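The next block holds one structure in the form of structure tokens; read it before the comments.
The values are calculated or read from the model by the stated rules, or taken from the named source; none is laboratory data. Because the structure is a prediction, the values reported are computed rather than measured. Cβ: placed from backbone, ideal geometry, glycine included. Neighbour counts: every protein chain shown.
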Amino acid sequence: MKTLIVYDSVFGNTAKLAQAIAKALDSKAVKVSECTEADLQSLDMIIAGSPTRMFKPMPSMKSAIKGLPDGSLKGVKVAAFDSRFAVEESDSKMLSFMANKFGYAAEKMLKGLEKKGGTAAAEPIGFFVSGNEGPIVKDEEKRAAAWAKSL
Ligand SMILES: Cc1cc2nc3c(=O)[nH]c(=O)nc-3n(C[C@H](O)[C@H](O)[C@H](O)COP(=O)(O)O)c2cc1C
């Protein structure tokens with residue numbers, strides 16, 4: 001099965017999660033800015049990953065998904081993950097409220113992939129990082145690998 005993980009990352013945490021997922025699936029992870037036409041050929045599954053920024057995916061991920069031709073993911077399994085604030089580290093009720101209301105990157109990317117014809121292989125999922133720059137919360141890379149294997 002040919003699976004591709006396409007991600008973006010500012011501080012490197014989502015990149016590490018993408019690599020953990022790629023390793024678990026014995027597949028390749030590419031940064032969205034470096035993704036080629038050849039990478040997208042004959043895919044069985046595509047997994048999108050992005051940091052959550054202002055409740056959304058990175059603009060790069062959003063436009064890459066939007067730019068896929070309509071119907072191009074027909075017959076392709078799709079999944080999405082994000083990295084996000086470890087909300088439990090914050091005692092800000094406002095932040096929790098906003099996150100509940102406006103959501104996270106993964107659900108938005110998954111919707112975009114489904115819109116292009118893909119079939120969701122799993123619920124969108126988020127992995128926690130400490131603060132803005134990380135590091136990734138303990139055992140989240142393991143959780144990411146386990147999630148990938150469940151797809
Ligand atoms: C400008 C900015 C906006 C952010 N917005 C959110 C947000 O809405 N929700 C959230 O959970 N985390 C938010 N974060 C935390 C990021 O998700 C965190 O920086 C990211 O997971 C780190 O991933 P990266 O190392 O791959 O860039 C934000 C961080 C920055 C710098």
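In summary, Asp139 fulfils each of the numbered conditions (1) under 17 Å from the mean Cα position of the chain (by Cα); (2) within 17 Å of Ala24 (Cβ to Cβ) with the single exception of condition (1).
Of a type outside the set (A, V, I, L, M), at pLDDT 95 or above and not in a helix (DSSP H, G or I): does that describe Ser63? When the stated conditions are applied, Ser63 does not pass them.
For region 20-47, filtering for residues that are surrounded by 18 or more Cβ atoms within 10 Å (Cβ to Cβ), within 13 Å of the ligand (Cβ to nearest atom) and outside any helix (DSSP H, G or I) leaves 1.
Scanning region 67-110 for residues that are under 22 Å from Lys16 (Cβ atoms), at pLDDT 95 or above and part of a loop (DSSP other than H, G, I, E, B) turns up just one, Tyr104.
For beta carbons closer than 8 Å, sequence separation of 6+ or different chains, a first residue in region 36-48 that is closer than 10 Å to Leu4 by Cα and a second that is crowded, with 16+ Cβ neighbours inside 10 Å and among the aromatic types (Phe, Trp, Tyr), the qualifying pairs are Ile47/Phe81; Ala48/Tyr7; Ala48/Phe81.
I want to confirm something. Restricting to region 60-84 and keeping residues that are within 12 Å of the ligand (Cβ to nearest atom) and not aliphatic (A, V, I, L, M), which single residue is farthest from Lys2 (Cα to Cα)? Before the answer, list the steps.
Step one: of region 60-84, the residues within 12 Å of the ligand (Cβ to nearest atom) are 60-61, 81-84.
Applying the additional criterion that residues be not aliphatic (A, V, I, L, M) yields 60, 81-84.
Details: Ser60: 23, Phe81: 18, Asp82: 21, Ser83: 24, Arg84: 27 Å.
In this case the residue turns out to be Arg84.
Every condition in (1) within 20 Å of Ala20 (Cβ to Cβ); (2) surrounded by fewer than 18 Cβ atoms within 10 Å (Cβ to Cβ) holds for Glu114 except the one numbered (1). Residue-level check: of (1) touching a residue at least 60 places away in the same chain (Cβ under 8 Å); (2) of a type outside the set (Ser, Thr, Tyr); (3) away from the ligand (no atom under 13 Å from the Cβ), Leu17 misses just (3). Of all the numbered requirements in (1) closer than 22 Å to Trp147 by Cα; (2) hydroxyl-bearing (Ser, Thr, Tyr); (3) within 15 Å of the ligand (Cβ to nearest atom), Thr3 misses one, and that requirement is (3). Selection within region 124-141: residues that are among the charged types (D, E, K, R) and either within 13 Å of the ligand (Cβ to nearest atom) or in contact (Cβ under 8 Å) with a residue 12 or more places away in the chain (or both). The member of this set that is surrounded by the fewest Cβ atoms within 10 Å (Cβ to Cβ) is Glu133.
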